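Structure first, then comments.
Rule-based calculations on the coordinates, nothing more; no lab input. Since we're looking at a predicted model, the values are computed, not measured. Using ideal geometry, Cβ is built from the backbone for each residue, glycine included, and neighbour counts are taken over all protein chains shown.
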Amino acid sequence: MAAPTLRSLAKELGLSRTTLSDALRGSPRVKAETVARVRAAAKAAGYERNPLTGAVMSQLRRSRGQQFRGVLAVVEIIQTPQTPFAVRYNESLAAGIASRADDLGFKVERFVVGPNGVTLSRLDTILHTRGIQGLILLPAVGFPDLGELSWHRYTAVYADYFIDHPPLHCVCSDHYRSMIALLRELHARGYRRPGLFMEIALDERLQFRWEGAFLALQKYLPDITQIPALQVREVTREQFTAWFKKYNPDVVMGHFPVAMEWMKAAGAKLPKTHGFVCLNSLRTEGDCASVDLRSGLLGARSAELVIGQLLHNEFGVPEQPSLTTIPAKLIDGPTLRPAAAGRSDK
């Protein structure tokens, strides 16, 4: 049987090829019920439309051969003021997205949703008017609700752990695996009393993956002294110092480099008597060992996934959202004793 074509589908449905093409790409010029009927018939017939073909031909006609570049939307939802660390992380993600998108022939347009940006309904209109169908959503505070967007027109990836409204494919750092790798590395360097301090909100949005891996490895690494994690709503010098003096961890892991000063004030000498690792390298200025969450690579992978979905005509909310994770890596620094010479696992 011959593969279905735009012409054969149009004839079968009693529509013009222009109407059929518009319906397949979700044009507002076609009624919603007609769009649904056309897409159902196309799916049943096994017809696959490349969503970039029309745009490519249109661009070629206008530019007489100039190289075509598709467009991806990078969407940032800002309802409350961002911390400097969140800004830094999102900028690194966006840079990774733009670089990889450029490699693959796409440009990127960035949109901000919130009090100082556009509304979701306005964004929906802008995206549709400009023919932008691929979206990458940057991490947002809390649990954003993007239900107002006309999702049958778009394909998207959320560059964070999970999103429920709507549930989308996600790309993020593998915090659990990264903590396991970090603890094994610290153990190999001779640390036997690892300590973790963290604000609850930072781990809660990750479904407690940092603490979960920390607690698990404490049970299985040999000769480890189990020290309870300091999990608080807000880390203060007083709370940290009391915890540090009570349990005397020989290496401390956390998000706040200021803890190094608190450790020194309590008698620690870094790295001679104690070690320190910041769990996000973007929070440091290179003055300590830290964990690189590889935000640029996460952005690049997000771009690859969205472009792949575009090329496979995968629009709308996915039936089964997936999670793509990339492990972080340790950046050595002056707050850790050096790795043993000749080790093969570095």
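Along the positive direction of the dipole of the chain (beta-carbon charges: Lys, Arg +1; Asp, Glu -1; about the Cα centre), which of L123, A181, A140 reaches farthest?
Projecting each Cα onto the dipole axis, the largest value belongs to L123.
Filter K219/K269; K219/K245; K246/K272; K219/K329; K272/K329 down to the pairs with a C-alpha to C-alpha distance above 26 Å, please.
Among K219/K269; K219/K245; K246/K272; K219/K329; K272/K329, the Cα-Cα distance tops 26 Å for K219/K269.
Kyte-Doolittle cut-off 1.6, length cut-off 30 Å along the helix's own axis using Cα: show which whole DSSP H helices in the chain pass.
none
Which residue fluctuates most in the GNM of the chain (Cα springs below 10 Å): P167, P84, P318?
Maximum fluctuation in the GNM of the chain, among the listed residues, is at P84.
Can you compute the charge dipole magnitude of the chain about its Cα centre, using +1 on each Lys and Arg Cβ and -1 on each Asp and Glu Cβ, nothing else charged? Give it in debye, rounded to the nearest 20.
Dipole about the Cα centre, nearest 20: 800 debye.
Once the convex hull of the alpha carbons of region 175-293 is built, what does its volume come to per residue, in cubic angstrom?
Residue-normalised Cα hull volume stands at 96 Å³.
Top mean-square fluctuation among G105, G212, G14, Gaussian network model of the chain, C-alpha springs under 10 Å?
Maximum fluctuation in the GNM of the chain, among the listed residues, is at G14.
Could you tell me what percent of the DSSP beta bridges with both partners in region 105-201 are antiparallel, to the nearest 5?
10
Only Lys, Arg, Asp and Glu count, each charged at its Cβ (+1, +1, -1, -1), so figure out the dipole size of region 175-293 about its Cα centre, rounded to 20 debye.
Roughly 360 debye for region 175-293.
What dipole magnitude, in Debye to the nearest 20, does region 253-346 give about its Cα centre under +1 on Lys/Arg Cβ and -1 on Asp/Glu Cβ?
Magnitude of the dipole: close to 580 debye.
For region 108-174, state the average projected area of the convex hull of the C-alpha atoms over all orientations, rounded to one decimal in nm².
4.7
Specify which residue in the list A156, P166, I331 is farthest towards the positive end of the charge dipole of the chain, using unit charges on the beta carbon of Lys, Arg (+1) and Asp, Glu (-1), about the Cα centre.
A156
Kindly work out what percent of the DSSP beta bridges joining two residues of the chain are antiparallel, to the nearest 5.
Percentage antiparallel, nearest 5: 10.
Helix-derived [θ] at 222 nm for the chain: sum -39500 (n - 2.57) over DSSP H runs of at least 4, divide by residue count, nearest 500?
Taking each H run of at least 4 residues, the total per residue is -12000 deg cm²/dmol.
Would you grab the residues whose amide H sits under 5 Å from the one on V108? Only those 5+ places off in sequence or on another chain, please, with H modelled 1.01 Å from N.
L72
If you average the C-alpha positions of region 91-140 and of region 251-295 separately, how far apart do those two centres end up, in angstrom?
Region 91-140 and region 251-295 have Cα centres separated by 34 Å.
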